[in-house]
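Shown next, in structure tokens, is the structure this report addresses.
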Amino acid sequence: LAYEMNGEQITLDHGFPIRAVVPGVVGARNVKWLCQINITGKESDSHWQQNDYKGFNPNVDWDTVDFSKSPAIQELPVNSVICVPPPGTKITTDDKEVEVKGYAWSGGGRGIVRVDVSGDGGKTWSEAELQTPDQPRNHVYGWTLWKAKVKVDASSGDAVELVCKAVDSSYNCQPESVSPIWNLRGVLNNAWHRVHINIA
């Protein structure tokens, strides 16, 4: 139960006076503004547990959705993000490689075993150097920071597409695109992260 964040009293936006924090479980289950805890023999009947934060087939829409047919999301899929360089960064035609940095994470305490980074939209890949949290296998709740130097062909046009994808300790890997995992709530989107940088 959290009453402080970063050494200060937790703010109202983050759940003052008390917030439940459940490592490895999706944030929607980390209840804010906690005033009591009830131990029951059944799942909560709250709106957020029963009628939100659930995943569906890409063809299900708001006219056909039945929230009772899908379990509530408890763990998030493996994901990774490029933080550096930001979109729109300029490189020159003389640049042969770019340093790329980001983070990766997976739900359920699964650690990250690899992050692959591409400087050509996913045609070729380099393996990133991981800064793995000092936590036991399958009890990893912090981000895994990563960095890589990737080759780029700055003579190939006006822009370069940087891509990253992570693999967790269960060897789950991010899908290439959002098309097969799209859903009407927009949740569980863990497609390859793409950043376009410009050639000056």
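The values are calculated or read from the model by the stated rules, or taken from the named source; none is laboratory data. Small disclaimer: the values here were computed from a predicted structure and weren't measured. Neighbour counts run over all protein chains shown; Cβ positions are idealised from the backbone, glycine included. Note: accessible area is taken over every heavy atom of the protein model, side chains too, but ligands, DNA and RNA are not part of it. Shrake-Rupley method; radii C 1.70, N 1.55, O 1.52, S 1.80 Å.
Restricting attention to the range 93-105, which residues are modelled with pLDDT under 90 and either open to solvent by 60 Å² or more (accessible area, probe 1.4 Å) or on the phi > 0 side of the Ramachandran plot (or both)? Scanning the range 93-105 gives THR93, ASP94, LYS96. Just one of (1) buried (at least 16 other Cβ atoms within 10 Å of the Cβ); (2) outside any strand (DSSP E or B) fails for GLY88. It is (1).
Here is a yes/no grid of residues against (1) assigned to a strand (DSSP E or B); (2) under 22 Å from ALA200 (Cβ atoms):
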residue	(1), (2)
ASP63	no, no
GLN74	no, no
GLU99	yes, yes
GLY107	no, no
VAL115	yes, no
LEU130	yes, no
TYR141	no, no
LYS149	yes, yes
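In the set (1) more than 13 Å from the chain's Cα centre (by Cα); (2) closer than 27 Å to PRO23 by Cα, GLY107 fails one condition alone, (1).
Whether a residue is within 18 Å of ALA191 (Cα to Cα), touching a strand residue (DSSP E or B) at 6+ places or on another chain (Cβ under 9 Å), at pLDDT 90 or above and not aliphatic (A, V, I, L, M) was assessed, and PRO77 passes this test.
Count of the range 82-104 residues, restricted to those that are under 28 Å from VAL21 (Cβ atoms) and of a type in the set (D, E, K, R), is 1. Looking only at the range 115-139, residues that are within 18 Å of VAL84 (Cα to Cα) and either touching a Pro at 6+ places or on another chain (Cβ under 6 Å) or among the charged types (D, E, K, R) (or both) come to 4 in all. Among residues of the range 159-191 being under 13 Å from ILE82 (Cβ atoms) and touching a Cys at 6+ places or on another chain (Cβ under 8 Å), the one that is surrounded by the most Cβ atoms within 10 Å (Cβ to Cβ) is ALA166. Kindly evaluate LYS151 against the criterion of being of a type in the set (Lys, Arg) and over 13 Å from the mean Cα position of the chain (by Cα). Considered against the rule, which asks whether it is of a type in the set (Lys, Arg) and over 13 Å from the mean Cα position of the chain (by Cα), LYS151 comes out as yes. For SER156, the criteria (1) open to solvent by 30 Å² or more (accessible area, probe 1.4 Å); (2) over 30 Å from TYR53 (Cα atoms); (3) in contact with a strand residue (DSSP E or B) (Cβ under 6 Å, 6 or more places away or on another chain) hold in every case but one, which is (3). Of all residue pairs spaced 6 or more apart or on separate chains, those with beta-carbon atoms under 6 Å, a first member in the range 91-102 that is more than 21 Å from ASP116 (Cα to Cα) and a second member that is loosely packed, with under 11 Cβ neighbours inside 10 Å and of a type outside the set (A, V, I, L, M) are THR93/SER155.
Filtering the range 26-59 to residues that are surrounded by 14 or more Cβ atoms within 10 Å (Cβ to Cβ), modelled with pLDDT under 90 and assigned to a loop (DSSP other than H, G, I, E, B) leaves VAL26, ASN30, VAL31.
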